[in-house]
Amino acid sequence: MSKKGFIGARIDKDIINSIDDTAKEDNIDKTTALINLIRIGRKQYLLEKYLKLYREGRCSIDRAAEKAEITVSEMMEEAVKAGIRSSETTEEYKRGLKLLEHS
């Protein structure tokens with residue numbers, strides 16, 4: 001049984017051109033190009049969304065990483081790149097590491 005579906009959408013010409021360009025550049029069909037671009041866009045969307053929530057103090061770094069589907073260390077790197085400073089003290093961080101070691 002196929003796990004594929006169909007979706008019809010009206011798309012601006014510039015986006016269609018981007019899909020066409022990607023297909024040509026990667027020597028793939030347009031459907032595959034569109035799927036790849038959507039996956040990349042979704043990953044970036046999640047990263048930006050959860051970095052924002054972390055910056056606002058509305059979620060923890062580990063929750064942000066989980067939701068963005070990356071590791072905690074990757075999320076920490078992204079937070080640093082985004083200029084986000086942690087409010088967590090060194091002692092709180094060390095306690096968290098100890099808890100991880102014992103789990």
Picking from Asn27, Asn17, the residue that is loosely packed, with under 10 Cβ neighbours inside 10 Å and modelled with pLDDT of 95 or more would be Asn27
Out of (1) of a type outside the set (D, E, K, R); (2) surrounded by 12 or more Cβ atoms within 10 Å (Cβ to Cβ); (3) touching a residue at least 12 places away in the same chain (Cβ under 8 Å); (4) within 21 Å of Ile84 (Cβ to Cβ), the one Ala33 does not meet is (4)
Output for Cβ contacts, cut-off 7 Å, separation at least six or different chains, first residue free of Cβ contacts under 8 Å to residues at least 40 places away in the same chain in segment 59-77, second among the aromatic types (Phe, Trp, Tyr) and in a helix (DSSP H, G or I), reads Cys59/Tyr50; Ile61/Tyr54; Ala64/Tyr50; Ala64/Tyr54; Lys67/Tyr50; Ala68/Tyr50
Quick count over segment 39-59, residues being more than 9 Å from the chain's Cα centre (by Cα), exposed (fewer than 15 other Cβ atoms within 10 Å of the Cβ) and at negative phi, is 4
The number of residues in segment 58-100 that are modelled with pLDDT of 90 or more and of a type in the set (Gly, Ala, Ser) is 6
Going through segment 60-80 in order, the residues found to be part of a loop (DSSP other than H, G, I, E, B) and under 10 Å from the mean Cα position of the chain (by Cα) are Glu69, Ile70
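The values are calculated or read from the model by the stated rules, or taken from the named source; none is laboratory data. Note that the structure is a prediction, hence the values are computed from the model and not measured. Please note: Cβ atoms are built from the backbone with ideal geometry, for glycine as well, and neighbour counts cover all protein chains shown.
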